[in-house]
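Presented below is the structure to which this report refers.
The values are calculated or read from the model by the stated rules, or taken from the named source; none is laboratory data. Remember, predicted model here, so these are calculated numbers, not experimental data. As a convention, Cβ positions derive from the backbone with ideal geometry for all residues, glycine included, and neighbour counts pool all protein chains shown. All accessible areas refer to the heavy atoms of the entire protein, side chains included, with ligands and DNA or RNA removed. Shrake-Rupley method; radii C 1.70, N 1.55, O 1.52, S 1.80 Å.
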Amino acid sequence: MIGADREKPTSLSGLPPIRVLIVDDEALGRLRIHDLLRREYGVDVAGEAADGDAAVKAIRELKPDLVFLDVQMPRRNGLDVVKEIGPEKMPMTIFVTAFDRYALQAFDIAAVDYLVKPFDDERFEQAFRRARRTLALEGLDLARGQLLAMLRESETDPRQRSSKAVAAANAHYLERIAVEMHGQVRPIPVAQIDYISAAGPYAELHVGERRYVIREAMQTLEERLDPNRFMRVHRSVIVRLDLVEALHRGGGGDYELQMKGGVRLRVSRSRREALERWLGLTPRD
């Protein structure tokens, strides 16, 4: 199935087309991903593979930018494919799995993104666009380093995995976040972000007087931002710590943060003590 004959899309938003390889031993699984990719701009499905051996051959011959890689496959599983190619030569990878235990292993160490079958359209879109932003702004070095960490983790005694997983997850944090505006992708340095607020399935980046909307979960942003610079103080708010000016106590035991510039943001009770420890603040009336 190498080199599936597909119509090559045109490039939009100033981004080159992204070449994608779909690897899944189930024909319906490959079709599902292919159909979802048709909704995304600038995507060239370079080929498909139905097992690990075919996946290794396709990756070497087609040199895709992104691979949707099934974990459970005959002959070679997804991790075997990564080992055979070598993490330093792997394209951006999104694992696809029917079992949470595989997904959680990858996710806990921030190795790559993953999709757990059956996944919905929104989760697919989130994973694909995150991978595309990483390719556009951070390149493959980070992703390849994380793949290597994942392989080392998979070979480690399970009793030793927890601390190593945490260390791997904390090794890299976002320095820029890509936003789409007027048909263009623009990188926003995290150092310029004042705070982030949730808006349904979206998140708003507050940068001075400007707001930028991205389709990203607050949980994901919390995990990918440096905890020494950012803190989630409420389920719907992440703040930049060096802009926090005061912590106010309100009626009924509620608290609010005051940011430099006067903006006040809610603080959840469950996060108040952690905030006080990190900031060394004493609440004032």
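Taking strands (runs of 3 or more DSSP E) as the structural unit, those lying wholly within the range 214-269 and holding at least 2 residues that are touching a residue at least 12 places away in the same chain (Cβ under 8 Å), hydrophobic (A, V, I, L, M, F, W, C) and farther than 22 Å from Pro187 by Cβ correspond to 230-234, 244-249, 255-259, 264-267.
Sort through Ile59, Ile22 and tell me the only one that's modelled with pLDDT of 90 or more and in a strand (DSSP E or B).
Only one candidate qualifies: Ile22.
Taking the criterion of being among the β-branched types (Val, Ile, Thr) and either part of a loop (DSSP other than H, G, I, E, B) or open to solvent by 10 Å² or more (accessible area, probe 1.4 Å) (or both), the residues of the range 65-89 that qualify are Val71, Ile85.
Take the conditions closer than 19 Å to Tyr173 by Cβ, open to solvent by less than 20 Å² (accessible area, probe 1.4 Å) and not acidic (Asp, Glu) and apply them to Val190. Does it pass? Considered against the rule, which asks whether it is closer than 19 Å to Tyr173 by Cβ, open to solvent by less than 20 Å² (accessible area, probe 1.4 Å) and not acidic (Asp, Glu), Val190 comes out as yes. Across the range 15-42, the qualifying residues are those that are of a type in the set (Gly, Ala, Ser) and surrounded by 14 or more Cβ atoms within 10 Å (Cβ to Cβ), and the one among them that is nearest to Asp65 (Cα to Cα) is Gly42. So for the range 32-45 (the condition being in a loop (DSSP other than H, G, I, E, B), at pLDDT below 95 and farther than 27 Å from Glu180 by Cα), does at least one residue qualify? Scanning the range 32-45 turns up no residue that is in a loop (DSSP other than H, G, I, E, B), at pLDDT below 95 and farther than 27 Å from Glu180 by Cα. The set of residues in the range 223-260 that are within 14 Å of Tyr173 (Cβ to Cβ), exposed (fewer than 15 other Cβ atoms within 10 Å of the Cβ) and touching a strand residue (DSSP E or B) at 6+ places or on another chain (Cβ under 7 Å) contains only Arg229. Being open to solvent by less than 40 Å² (accessible area, probe 1.4 Å), farther than 22 Å from Leu257 by Cβ and either part of a strand (DSSP E or B) or modelled with pLDDT of 75 or more (or both) holds for only one residue in Ala165, Ala178, and it is Ala178.
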